[in-house]
Amino acid sequence: PSVPRHTNRLINEKSPYLLQHAHNPVDWYPWGQEAFDKAKKENKLIFLSVGYSTCHWCHVMEEESFKNKEIGEIMNKNFVCIKVDREERPDVDKVYMTFVQATSGGGGWPMSVWLTPDLKPFAGGTYFPPEDGVHRVGFRTVLLRIAEQWKENKSALLANSQKILEALLHMSEIRARGQESPPPSKEVMATCFQQLSNSYDEDYGGFSESPKFPTPVNLNFLFTYWALHRTTPEGARALQMALHTLKMMAHGGIHDHIGQGFHRYSTDQHWHVPHFEKMLYDQGQLAATYSRAFQISGDEFFADVAQDILLYVSRNLSDQAGGFYSAEDADSYPTTTSRKKQEGAFCVWAAEEIRALLPDPVEGATEGTTLGDVFMHHYGVKETGNVSPMKDPHQELKGKNVLIVRCSPELTAARFGLELGQLGALLREGRRRLSAARAQRPRPHMDTKMLAAWNGLMISGFAQAGAALAKQEYVSRAAQAAAFLRRHLFDPASGRLLRSCYRGKDNTVEQSAVPIQGFLEDYVFVIQALFDLYEASLEQGWLEWALQLQHMQDKLFWDPKGFAYFSSEAGDPSLLLRLKDDQDGAEPTANSVTVTNLLRAACYSGHTEWVEKARQILAAFSERLQKIPVALPEMARATAVFHHTLKQVVICGNPQGADTKEMLHCVHSIFSPNKVLMLADGDSAGFLHRQLPFLASLERKDGKATAYVCSNFACSLPVTSPQELRGMLCP
């Protein structure tokens, strides 16, 4: 590669997204004091561009505008230009996205915002094409117009930005009025179920026409709804909606049949043509959701999908030190000699490629059948490509196929006169050969930053799958990642989490010069992960750390006046707003997950003030939960957990004993949304016994491993057989 012509300050950053822009002709600054001081000193406006490394339109805007020398000169002359990776700084992203959504009615990335020197937004949008078109103003024109306005109407612009800020402050407030109580759980659950049911796609599953996102929060809500209404028609429908959606997603092109794992979302109703990036937070949540589907249904199909996701993460998104990388990009070079990246190039196939890879005649099949014929039929491959031109505006997938399972194994087998077992072996061989061929292609870019929050979601995925599928290696992988967090994303001196760390040169783990402190979501997803890991491994050290982090979360983020937690801590003068998110989207929002965390924390510690905090959060979001719970399905689910009171399932026994293991296996094999598992191993000096004195009064019956089901620290009669325990956990 030739020596780059330009280098800006982003060259000193660690984020892969910021480093991608280090050689733009734009004089980019990272978010920080140096840029703010320059804007004040030179009395210049700030142009803020926010994106992330797997964002397709971010790449497009960089190619068209930020690599353009003339546009770069206009930017450098008139503005102080700041680049932000939204995954590193969700707090900055959220403040300005709130503005863009309020003023333009839409939002997304790349986000382009113009700020006064004191960081107040006054104009913004998302992607701008470089030049004026019929329907859109070009980026060059917008830059020149805004620079002109600043010269001519500075005072009006400043006054306007102050008004905008006041309106945003008022609009974004979420609080409880006085001593409100939480909304009635029964109604919230019923309304949320109804709203999901109304938007459900009966044919293909999912909850919209297109685009379709996996949204695990919806599926987890439906599982909990089913568990509380097992014998009603609504309960049956809730379960059917969730399982059908998971089946259709696993068959679809959103699922990578050759390289495993799930792409981010489908552009069509059929889960067929995805946007091809793969995000860690999806893999973590989906591994847990497919494991739950297996727990509930006993259908091995779901266990296989969970294992497929965890194979992808172990192989592709794992750092050798134990952490998990953030994402894999959608765009890559089609061949080693290509000049231009294309979306999906790594994952799609021309029919003749598959024929050439799978020419073998198939024994016992109808005359002249090749392995290619069977494979192409099963995965919906067409000679001219199977992607509709409507779903391919840039003609990047013309003549290509995105694999999708269009018929059941039974139908494919019958079509070619094959036995089912033989078909399975043929398809496996076909996938193996395509995988080997794909390994020769140039790989998409990997975002190797490691985020505490997303690592937390992935630890939960491994821990829950390990427990539900009885696979110890998954629990060990979760523990390895939790130890990584403790070593690299936690500061023992202050007791605080850090947001991110990075893969450095020669694969060491690096930290930026000024580490980014953890946000609310980092605490919440890590605490959830530690509870999940304790239940899967019964190592009390994880529990102890979770409770310490919960105290720290309360100290840094709790809003004592309006209740619930702020997303970011106080005291950062560059943040204009402290916000509370109110939407469970691709990831659940932190306040939703923290309700269940607080209830679990209270069960493990006896601290009832945590139950009170959970109540206050539900009260703060009460209006939204009653009107549009479908915007907060995870919090709606938590209202039920709050209402039904968590059951403490205590197993008294020797952790190594076969009888104890049998009881634990029974608990792990049952889906019960309101249970908390603990092992009383009789060690009175251990952490749990010190926290919960009542454990000392529970004894082993006839020396056997014994289970008690307790609620509010009052316990059932002891049981010593897994069958009896199952009866108590499945009402």
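Miscellaneous remarks
- From the list Leu677, Leu625, the lone residue that is more than 30 Å from Gln723 (Cα to Cα) and open to solvent by less than 10 Å² (accessible area, probe 1.4 Å) is Leu625.
- Qualifying residue in the range 165-183 (condition: in a helix (DSSP H, G or I), surrounded by 15 or more Cβ atoms within 10 Å (Cβ to Cβ), in contact with a Phe, Trp or Tyr (Cβ under 8 Å, 6 or more places away or on another chain) and at pLDDT 95 or above): no
- Residue count for the range 90-137, restricted to those that are aliphatic (A, V, I, L, M) and in contact (Cβ under 8 Å) with a residue 60 or more places away in the chain: 7
- Residues (over 22 Å from Tyr502 (Cα atoms) and part of a helix (DSSP H, G or I)) located in the range 296-310: Ile296, Ser297, Glu300, Phe301, Phe302, Ala303, Asp304, Val305, Ala306, Gln307, Asp308, Ile309
- Qualifying positions in the range 251-274 - in contact with a strand residue (DSSP E or B) (Cβ under 8 Å, 6 or more places away or on another chain), open to solvent by 20 Å² or more (accessible area, probe 1.4 Å) and over 17 Å from Glu343 (Cα atoms): Gln269
- Index of the failed condition, Asn455 passing every other in (1) under 30 Å from Lys341 (Cα atoms); (2) in a helix (DSSP H, G or I); (3) in contact with a Ser or Thr (Cβ under 8 Å, 6 or more places away or on another chain); (4) not basic (Lys, Arg): (3)
- Scanning the range 93-132 for residues that are among the aliphatic types (A, V, I, L, M), part of a strand (DSSP E or B) and open to solvent by less than 10 Å² (accessible area, probe 1.4 Å) turns up Met111, Val113, Leu115.
- Residues satisfying the stated conditions in the range 625-668, i.e. within 23 Å of the chain's Cα centre (by Cα) and either farther than 18 Å from Leu196 by Cα or at pLDDT below 95 (or both): Val641
Residues checked against (1) open to solvent by 10 Å² or more (accessible area, probe 1.4 Å); (2) of a type outside the set (Ser, Thr, Tyr); (3) touching a Leu at 6+ places or on another chain (Cβ under 8 Å); (4) outside any loop (DSSP other than H, G, I, E, B):
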{"position": "Cys501", "(1), (2), (3), (4)": "no, yes, yes, yes"}
{"position": "Ser512", "(1), (2), (3), (4)": "yes, no, no, no"}
{"position": "Ile527", "(1), (2), (3), (4)": "no, yes, yes, yes"}
{"position": "Gly541", "(1), (2), (3), (4)": "yes, yes, no, yes"}
{"position": "Gln553", "(1), (2), (3), (4)": "no, yes, yes, yes"}
{"position": "Pro560", "(1), (2), (3), (4)": "yes, yes, no, no"}
{"position": "Glu569", "(1), (2), (3), (4)": "yes, yes, yes, no"}
{"position": "Ala586", "(1), (2), (3), (4)": "yes, yes, no, no"}
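- Some residue of the range 136-156 being assigned to a strand (DSSP E or B) and within 26 Å of Leu18 (Cα to Cα): no
- Answer residue from the range 310-336, given it is charged (D, E, K, R) and out of contact with any Pro (no Cβ under 9 Å at 6 or more places or on another chain) and is nearest to Lys471 (Cα to Cα) among those: Arg315
- Of all the residues in the range 599-621, those that are in contact (Cβ under 8 Å) with a residue 12 or more places away in the chain and within 21 Å of Lys580 (Cα to Cα) number 12.
- The residues on offer are Ser338, Ser388, Ser332, and the sole one that is of a type in the set (Ser, Thr, Tyr) and surrounded by 19 or more Cβ atoms within 10 Å (Cβ to Cβ) is Ser332.
- Helices (runs of 4 or more DSSP H) wholly inside the range 1-85 that include at least 1 residues being closer than 26 Å to Met446 by Cβ and in contact (Cβ under 8 Å) with a residue 60 or more places away in the chain: 16-19, 56-61
The values are calculated or read from the model by the stated rules, or taken from the named source; none is laboratory data. Since we're looking at a predicted model, the values are computed, not measured. Cβ coordinates were reconstructed from backbone atoms using ideal geometry, including for glycine residues, and neighbour counts include every protein chain displayed. The area values use the complete protein model at the heavy-atom level, side chains included, leaving out ligands, DNA and RNA. Shrake-Rupley method; radii C 1.70, N 1.55, O 1.52, S 1.80 Å.
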